1. Along the charge dipole of region 84-189, pointing to its positive end and built from +1/-1 on Cβ of Lys, Arg, Asp and Glu, which listed residue (N89, Q140, T114) has its Cα farthest out?
2. For N35, enumerate residues with amide H under 5 Å from its amide H, sequence gap 5+ or separate chain, H modeled in the peptide plane.
3. Can you pull out the chymotrypsin sites (Phe, Trp or Tyr not before Pro) in region 82-189 whose DSSP state is coil and whose Cβ has at most 12 other Cβ atoms within 10 Å?
4. Once amide H atoms are built 1.01 Å from N in the peptide plane, which residues 5 or more positions from V51, or in another chain, come under 5 Å H to H?
5. For a quick check: with amide H placed at 1.01 Å from N, whose amide H comes under 5 Å from I68's, ignoring anything fewer than 5 positions away on the same chain?
6. Using the Karplus equation 6.51 cos²θ - 1.76 cosθ + 1.60 (θ = phi - 60°), what ³J(HN,Hα) coupling, rounded to whole Hz, does each residue of region 158-170 give in order, writing x for Gly and Pro?
7. Per residue of region 141-153, what does 6.51 cos²θ - 1.76 cosθ + 1.60 with θ = phi - 60° give for ³J(HN,Hα)? Whole Hz please, x for Gly and Pro, Karplus curve as stated.
8. Once both labels are modelled 7 Å past Cα along the beta-carbon direction, what's the L85-S138 spacing in nm?
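Read the figures in this text as sums done on the coordinates, not as results from a lab. It should be emphasised that the depicted structure is a prediction, and the values quoted were computed from it without experimental measurement. Positions of Cβ are backbone-derived with ideal geometry, glycine not excepted, and every protein chain shown enters the neighbour counts.
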Amino acid sequence: MNLSLKKTFITLTAMAILSGCNPAILKYQLDPEINNLDRLAQDAKIVALKVTDSRVNNSANTSNQNAIAGPDNETKQLQDKLITLLKQNGYKIISKPLLADVAFELEITKLTLTIESSTFKSVIRGNSEIKLTANKHSLQWSKIYRATRQQEVANPANDLDATGVINQMLTKQLSGIFSDPDLKGFISK
């Protein structure tokens with residue numbers, strides 16, 4: 001191999017190695033579960049549900065280099081998933097909150113997923129804050145729930161790693177919301 005060809009080969013190899021160190025743009029999908037959802041069904045069989053997004057900077061994913069992007073229709077995707085889970089647990093879902101046994105509004109005030117990469121591993125961090133407002137006839141109850149999750153993954157991190165972290169965090173948070181004794185007490189009034 002001549003000297004020029006060796007230099008080209010070494011340069012291309014170095015570029016390939018270095019390009020492997022740059023994290024690709026990651027994107028997560030929402031697919032949380034809710035444990036013990038059937039516990040509220042005794043006092044609230046007919047439910048209205050709305051998910052809103054009140055994050056101050058909803059385009060945070062594009063402003064932070066370390067941010068992991070969510071789906072374009074994140075709020076709708078979460079609402080559809082919650083409706084599916086409620087239906088699977090015996091709830092009847094209606095669109096008119098005034099006719100429901102209880103109307104839930106989940107307001108996303110914070111939902112972020114970031115990544116910090118080093119040579120051999122990455123750390124994915126999730127942070128979530130959701131305000132639940134429940135309306136039952138003329139009564140209203142609300143509470144803010146916060147959750148965090150952090151996980152180390154081997155490089156290169158991928159979309160499945162990001163999806164796993166966000167969904168594990170949201171599963172724990174949403175399960176906590178819907179099994180909250182204070183919420184159960186409010187609904188059973």
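1. Q140
2. S175
3. Here the sparse-neighbourhood loop sites are F120.
4. So V51 has HN proximity to L106.
5. Sorted by chain and number, the residues that satisfy this are L113, T114, I115.
6. Running phi through 6.51 cos²θ - 1.76 cosθ + 1.60 with θ = phi - 60° gives 9, 4, 5, 4, 5, 4, x, 5, 5, 6, 5, 5, 5 Hz.
7. With the stated coefficients, region 141-153 comes to 9, 8, 7, 9, 10, 10, 8, 9, 8, 9, 8, 8, 9 Hz.
8. If labels sit at L85 and S138, their model points lie 3.3 nm apart.
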